[in-house]
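Enquirer: Got a structure for you, written out below as structure tokens; questions coming shortly.
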Amino acid sequence: GYGNIHYRLTKEGISGRMSDMPGIVTTKEIKLQILGEYRAAVEKGELINYSRDAMNETLEYIFAPDGGIEHSKSCGKVDPSGARANHGDRVIADALAWHGMRAMGSSIVKETKEIQVGSLAWRNKMRKEQRAHEDTNDGWKP
């Protein structure tokens, strides 16, 4: 009964329809694409990540010799935890969240609040408009 589940796109044919397989397989190419989109979104300001830990973790990713992208602590060293693939979880989670937001067509929506007549905000707005009008007529009254 969960409606917000990501289903894989089919590569067969030109339809590009959703398959019945949930989740995402992070192949080298998919990982490059998703992390690249995430990086671009952060750089352009389309996505703001307020987690200092997550943003610091992005700096620990490197390009691997095979052309993929890996967390620096997961390659070339002996990992006593045996959790070789678990480094960089915050970044992967954030990148997947951005990927999902893009797939759903999410965008920033700025709400405009209606100012009630007679309120302090309304009086401030009227005063600001009056001052702007007085400044534009160079001291001459119409």
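No value in this document is a laboratory result; all are computed from the given coordinates. Predicted model, so just to flag it, every value in this text is computed and none were measured. Note that we place each Cβ from the backbone using ideal geometry, even for glycine, and neighbour counts take in every protein chain shown.
Enquirer: For segment 26-69, with only Lys/Arg (+1) and Asp/Glu (-1) charged at the beta-carbon, what is the dipole magnitude about the Cα centre, in debye rounded to 20?
Expert: Once rounded to the nearest 20, the dipole reads 40 debye.
Enquirer: If you stretched the chain out fully between residue 119 and residue 33, how much longer would it get, using 0.36 nm times the residue separation minus the C-alpha to C-alpha distance?
Expert: The span from residue 119 to residue 33 would gain 25.9 nm if fully extended.
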